[in-house]
1. What base-10 log of the normalised intensity I(q)/I(0) is obtained for segment 31-141 from the Debye formula, alpha carbons as equal point scatterers, at q = 0.24 Å⁻¹?
2. Non-local amide H neighbours of ASP102 (under 5 Å, H modeled in plane, Pro and chain starts lacking H): which ones?
3. Bin by bin, in steps of 10 Å, what percent of the Cα pairs in segment 28-81 do you find, going until the bin that has the longest distance?
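Only the coordinates and a few stated rules stand behind these numbers; no lab work does. What you are looking at is a predicted structure, and each value in this text was computed from that prediction instead of being measured.
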Amino acid sequence: MQIRWVLIAIAFATLAGCAVPGPRGERTESKLTCDGAKKCEVNVAVDCTAGGCELSVDHQLIVVIDKRKDDITWTLPGSSEFSFAENGIVFPDSAEFGCKSDGPRRFVCSNRHSKFGAWKYAIRLTGPRTVPVLDPWVIND
């Protein structure tokens, strides 16, 4: 299992090691490690200009370690004019995650962490303007 983790870590090193635009445009580290030391939370933001809207998260990669069965929570700012769609967070073809809305600006997914793997998920929002879907990753180590 360690060899697989190393291979996936190498594959994601470019993504996880680079600073990327986070909520409100600031440059942030894109990897979040969930190890039970603190809540596993991801901030979601929308930046709209005349050219369109862009969805961003403060962590493009979430790594859950030590076989932790944990909740991952995505949150929009309370002042946002956007909210999560009914299918706000979706892990296609995965029984590892059970997701549900926790109000218009919070979405929670329970990570069963029954097996090692990497999952791409989709974030969908609704609001006054169209926001393209964002597809970040979760890795269970």
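1. Summing over Cα pairs of segment 31-141 leads to -1.40.
2. Sorted by chain and number, the residues that satisfy this are PHE107, VAL108.
3. Calculated over all Cα pairs of segment 28-81, the distribution is 21, 45, 24, 8, 1 percent.
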